[in-house]
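Colleague: To start, I am sharing the structure in question, which I have written as structure tokens.
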């Protein structure tokens with residue numbers, strides 16, 4: 001096995017106080033999942049056990065939840081967008097969420113509303129999908145540098161897509177201004193003062209995937225995970241999923257590790273400080289879905305209380321994760337994972353090859369008994385970039 005060293009800064013959380021969360025928990029997840037089951041084509045995404053990679057790393061299990069199989073949208077994000085849109089329509093039209101379904105709503109033929117959001121790609125695709133399924137309008141804004149493929153995914157669903165000349169966080173502010181002027185309904189997956197209800201629903205919707213994973217582990221007869229690696233942009237998925245796991249398995253019972261790109265590591269910096277730190281500027285990382293500089297304030301308290309380690313890593317870590325998942329050891333399942341789906345696996349693969357492997361394993365408390373859960377949150381949502389990394393060696397490892 002060759003050795004090489006990729007940049008990963010690890011910060012232990014000095015503010016750790018494991019505890020359940022009143023908002024992001026198993027009850028909220030089960031309510032969302034009941035609704036998701038009513039959607040046409042719903043089924044749990046696969047959970048794969050990569051036993052040969054686990055052996056190479058020196059742990060008991062490495063389990064990967066493959067969200068590229070989520071409907072035909074290639075990413076987990078629509079779980080949040082659809083649940084929030086369902087809740088929003090129930091609020092506007094005074095319907096009962098416990099019996100709400102998209103199919104029944106369409107038959108009522110109410111006047112359409114316009115849903116607006118900012119996205120790096122996957123969330124906007126989910127909102128556009130929901131709008132189309134419901135006969136509503138959608139206007140989706142994207143930050144500067146968004147790929148043509150990601151734009152096309154959204155316009156193919158009948159939504160209007162506007163690419164700005166600003167970064168993600170500034171684009172959110174622009175979208176909000178336009179929505180207020182035009183009477184649109186903003187369905188955004190980050191929160192700010194006075195805008196908390198919809199992002200809360202979105203985060204609760206993400207927890208459907210955690211509820212599925214726990215059910216799948218039980219079906220496998222597997223012991224509970226000892227570790228979970230969660231990648232973060234604003235931290236909405238991480239908090240939604242971790243809130244469920246903490247509630248289900250008990251506070252402090254599994255070691256949570258948060259992984260971010262070093263060029264947009266707002267949660268890593270917040271973890272070091274013990275309070276929210278924003279990161280500005282270009283946020284240039286291949287992990288497009290994680291290129292966010294301002295933590296979601298709704299998820300932050302839960303993450304501050306329950307995350308054991310914050311990791312800020314270079315882009316090559318995510319690229320390595322994409323290659324390792326797509327080209328597994330013999331006997332393990334191949335998984336197509338995009339830039340923002342693969343950083344968790346990238347961290348584990350980088351440890352396997354690291355000259356200080358032993359110290360890194362100790363630092364994260366990885367032992368021969370560890371069972372590590374990873375969420376591959378997206379497939380090749382930008383197919384050209386996926387090929388550039390996996391075929392052409394973009395962000396590759398150079399051996400001198």
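Colleague: Answer yes or no: is there a residue in the range 286-293 that is in a loop (DSSP other than H, G, I, E, B), more than 19 Å from the chain's Cα centre (by Cα) and within 14 Å of residue 232 (Cβ to Cβ). Lay out the reasoning, then the answer.
Modeller: The initial filter retains those residues of the range 286-293 that are in a loop (DSSP other than H, G, I, E, B), namely 286-287, 291-293.
Applying the additional criterion that residues be more than 19 Å from the chain's Cα centre (by Cα) yields none.
Checked the range 286-293: no residue is in a loop (DSSP other than H, G, I, E, B), more than 19 Å from the chain's Cα centre (by Cα) and within 14 Å of residue 232 (Cβ to Cβ).
Colleague: Another question, if that's okay. Answer yes or no: is there a residue in the range 201-221 that is under 13 Å from the mean Cα position of the chain (by Cα), over 11 Å from residue 303 (Cβ atoms) and modelled with pLDDT under 95. Give the steps one after another, and end with the answer.
Modeller: Filtering the range 201-221 for residues under 13 Å from the mean Cα position of the chain (by Cα) gives 202-210.
With the extra rule that they be over 11 Å from residue 303 (Cβ atoms), the set shrinks to 202-210.
Applying the additional criterion that residues be modelled with pLDDT under 95 yields none.
No, the range 201-221 has no match at all.
Colleague: Checking the condition at pLDDT 95 or above and either farther than 21 Å from residue 63 by Cβ or touching a strand residue (DSSP E or B) at 6+ places or on another chain (Cβ under 7 Å) (or both), which residue from 351, 375 passes?
Modeller: Numbers: 351 fails: either farther than 21 Å from residue 63 by Cβ or touching a strand residue (DSSP E or B) at 6+ places or on another chain (Cβ under 7 Å) (or both).
None of the others qualify; the one that does is 375.
Colleague: Would you check if residue 240 is closer than 26 Å to residue 306 by Cα and surrounded by fewer than 23 Cβ atoms within 10 Å (Cβ to Cβ)? Quick ask: steps written out before the conclusion?
Modeller: On the way: closer than 26 Å to residue 306 by Cα: yes; surrounded by fewer than 23 Cβ atoms within 10 Å (Cβ to Cβ): no.
Answer is no for this residue.
Colleague: List the number of the failed condition for residue 163; all other conditions in (1) crowded, with 18+ Cβ neighbours inside 10 Å; (2) in contact with a helix residue (DSSP H, G or I) (Cβ under 8 Å, 6 or more places away or on another chain); (3) over 26 Å from residue 21 (Cβ atoms); (4) at pLDDT 95 or above hold.
Modeller: (1)
Colleague: Is the range 366-388 home to any residue that is over 20 Å from residue 230 (Cα atoms), more than 24 Å from the chain's Cα centre (by Cα) and surrounded by 15 or more Cβ atoms within 10 Å (Cβ to Cβ)?
Modeller: No: zero hits.
Colleague: For the list (1) touching a strand residue (DSSP E or B) at 6+ places or on another chain (Cβ under 8 Å); (2) crowded, with 24+ Cβ neighbours inside 10 Å, I need the number of the one condition that residue 262 fails.
Modeller: It is condition (2) that residue 262 fails.
Colleague: Residues in the range 270-298 that are surrounded by 19 or more Cβ atoms within 10 Å (Cβ to Cβ) and at pLDDT 95 or above: how many? Let's see the steps before the verdict.
Modeller: Taking the range 270-298 as the starting set, the residues that turn out to be surrounded by 19 or more Cβ atoms within 10 Å (Cβ to Cβ) are 270-271, 279, 283, 285-296, 298.
Among the residues that remain, those that are also at pLDDT 95 or above are: 270-271, 298.
Residues in the range 270-298 being surrounded by 19 or more Cβ atoms within 10 Å (Cβ to Cβ) and at pLDDT 95 or above: 3 in total.
Colleague: Among (1) touching a helix residue (DSSP H, G or I) at 6+ places or on another chain (Cβ under 9 Å); (2) free of Cβ contacts under 8 Å to residues at least 12 places away in the same chain, there is one condition residue 359 misses while meeting the rest; what is its number?
Modeller: All conditions pass for residue 359, except number (1).
The values are calculated or read from the model by the stated rules, or taken from the named source; none is laboratory data. These numbers were taken from a predicted model, which means no experiment stands behind them. All Cβ positions, glycine included, derive from the backbone under ideal geometry; neighbour counts span all protein chains shown.
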